[in-house]
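Colleague: Supplied in structure tokens, the structure appears directly below.
The values are calculated or read from the model by the stated rules, or taken from the named source; none is laboratory data. This one's a predicted model, so the numbers in the text were calculated from it and none came from an experiment. Side chains included, ligands, DNA and RNA excluded: accessible areas come from the protein's heavy atoms. Shrake-Rupley method; radii C 1.70, N 1.55, O 1.52, S 1.80 Å.
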Amino acid sequence: MYKHLIFDLDNTLLDFRKGEEVGLLNVFRDHEVPDVRQAFDKYQQINRGLWSAYERGEISKDQIHNTRFATLFDQFGRDVDGVALEKEYRGYLNENYYVLDDAEALLQQLTK
């Protein structure tokens, strides 16, 4: 019998993808991005490329976090403070309360 279980929240109990999407949409709204869908798709492309470079040992996590928004907005002809936008985005991520289906039921079952 186990006394303690440890869960990773992201995509185990909380829907990180939904939280990520909402966080990005909020950042785009806050900065008056006209084509949110295009910005979201471009962000995903840039983010995947940066994480691939990280996995190959070419860049650090800080470089991902400090450049992805500046790179994105640059593609739309806008000069932004990428570090500040990352901080704003992280604030939205910290508000993620989207629970995955059956997560609450699982936790209730485990407490019995």
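Colleague: By a straight-distance test (C-alpha under 26 Å), which lysines pair with residue 18 as possible cross-link partners, with residues fewer than eight away in the same chain excluded?
Modeller: By straight Cα distance, residue 18 reaches 42, 61, 87.
Colleague: Considering only protein heavy atoms and a 1.4 Å probe, what is the carbon-and-sulfur percentage of the accessible area of the chain? If you can, show how the numbers build up before the last one.
Modeller: Values: 3940 of 7940 Å².
After summing per-atom areas, the C and S share lands at 50 percent.
Colleague: How much length is gained if the chain between residue 3 and residue 60 is pulled fully straight, taking 0.36 nm per residue apart and subtracting their Cα-Cα distance, in nm to one decimal? Spell out each step's value before the answer.
Modeller: Details: separation 57, 0.36 × 57 = 20.52 nm, distance 3.72 nm.
Full-extension gain reported as 16.8 nm.
Colleague: Ignoring ligands and nucleic acids, what accessible area does residue 9 show with a 1.4 Å probe (Å², nearest 10)?
Modeller: About 90 Å², ignoring ligands and nucleic acids.
Colleague: Now for a separate question. Answer rounded, prolate or oblate for the stretch 13-102, using the Cα gyration tensor with square roots of eigenvalues a ≥ b ≥ c: rounded when a/c is under 1.5, else prolate when a/b is larger than b/c, else oblate.
Modeller: On the way: a/c = 1.75, a/b = 1.17, b/c = 1.50.
Here the stretch 13-102 falls in the oblate category.
Colleague: I would also like to ask the following. Amide H to amide H, which residues 5 or more places from residue 99 or on other chains are under 5 Å from it, using H placed in the peptide plane?
Modeller: 15
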